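Worksheet for the structure shown next.
Values in this text are rule-based calculations from the coordinates and carry no lab data. Only a predicted model underlies this, so the values are computations on that prediction, with no experimental measurement involved. We place every Cβ from the backbone using ideal geometry, glycine too, and count neighbours over all the protein chains shown.
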Amino acid sequence: MILVTGATGSIGKHLVRQLQELQAPFKALVRDADKGRTLGCPYVVGDFDDPDSIAAALTAVDQVLLNGAGAVPTADGAPQPMISQQKTVIDAAGRAGVGKIVKVSVWHAHQGGKLAEGAHWDIEQHLKASGIEWTLLQPSGFMQNFFTGAGTFSDDGSLIAPATDAPISYIDCHDIAACAAVLLTQSVGAGRTYVLTGPEALTMTEIAGHLSGALDKPVEVVSLNRDEMEVRLRAQGLPAPFAADVAHLWAEVGTGSLAATTHEVKNLTGREPRMFAEFLTANQAAFR
């Protein structure tokens, strides 16, 4: 039995459908029963901040997809909540006799990294020391960010970018889920870390061209440097330390930190990951 955490998120929704197609035994962990019912699959209600609910959710489970919310503003110097939350799941999984955890991490996770990069590294080390068989997925930026509005667009609908000519190997969450489905249903990937990217690295100028065609209207690109991005985030009400860290990571993307591409999606699934144009076609309704 597989437990899918983060089941209503960008990756989880795809994974639920793919596991259904594979007829694999699984259940989804949700915080809201109403959202669980919309998934159309077996589900349990639980919360990472409630250890008893996690222990109950892990009953009869032997594999876990560990995924959760990203970095959030915290008090200055306070650790990211995801660290204790995901460690709670790992510890409960150990006590429940879970045999394998596939964790969704982040590309460039490392000790001392800012926000998600440092938090995921901490969780990764805890998982590796747990004695449970583990596999790590470290994806590039999500293509879904372009229709969830995760800091991608300005108020007038222009794309914002750290640099118009910095390539980024965005990946469709559908492909991340497909990799997770393979790892959860086949005996592969033990003790391995997979960096997952799309098949191409596109600049924001190139992405704007694709979006212009999909939306049938011009999409412009506005370049913001590190300081300008920090000012924008603070104006949106984010605490100064959090805004500074986000702006730092933003600037790194402008220097090409997410430009490389890998072949891991094809290696795991046997097919190429979706190109951005294919992603737009598959999600046309969401964009319009």
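Structure above, values below:
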{"read-out": "Other-chain or far-sequence residues with amide H under 5 Å of Arg192's (modelled H)", "value": "Leu136"}
{"read-out": "Range of Cα positions in the stretch 170-288 per principal axis (Å), largest first", "value": "48, 38, 24"}
{"read-out": "Local net charge near Ser154, Cβ-Cβ under 12 Å (Lys/Arg +1, Asp/Glu -1)", "value": "-3"}
{"read-out": "Over the chain, relative contact order from alpha-carbon pairs under 8 Å, at least 6 apart, %", "value": "17"}
{"read-out": "Whole-Hz ³J(HN,Hα) from phi, Karplus 6.51 cos²θ - 1.76 cosθ + 1.60, for the stretch 257-270, glycine and proline x", "value": "5, 10, 8, 5, 10, 10, 10, 5, 4, 5, 4, 7, 9, x"}
{"read-out": "Radius 12 Å from Cβ of Ala116, net charge of other residues (Lys, Arg +1; Asp, Glu -1)", "value": "-3"}
{"read-out": "Whole-Å semi-axes of the stretch 2-287's equivalent ellipsoid (Cα gyration tensor)", "value": "31, 22, 18"}
{"read-out": "Helix-only [θ]222 nm of the chain, DSSP H runs n ≥ 4, -39500 (n - 2.57) each, per residue, nearest 500", "value": "-12500 deg cm²/dmol"}
{"read-out": "Taking Ile2, Ile171, Ile83 and counting other C-beta atoms within 10 Å, the order from fewest to most", "value": "Ile83, Ile2, Ile171"}
{"read-out": "Residues Asp49 and Ala75, FRET efficiency given R0 of 22 Å [Cβ-Cβ distance, rounded to 0.05]", "value": "0.85"}
{"read-out": "Cross-link reach list, lysines versus Lys87, counting only Cα pairs under 19 Å and skipping chain neighbours closer than eight places", "value": "Lys100, Lys103, Lys114, Lys128"}
{"read-out": "Between helix 240-254 and the chain: long-axis angle, C-alpha atoms, 0 to 90°, nearest 10", "value": "70"}
{"read-out": "Fraction of beta bridges assigned by DSSP in the stretch 115-250 that are antiparallel (%, nearest 5)", "value": "20"}
{"read-out": "Sequence-distant lysines (8 or more away, or on other chains) whose Cα lies within less than 20 Å of Lys35", "value": "Lys13, Lys27"}
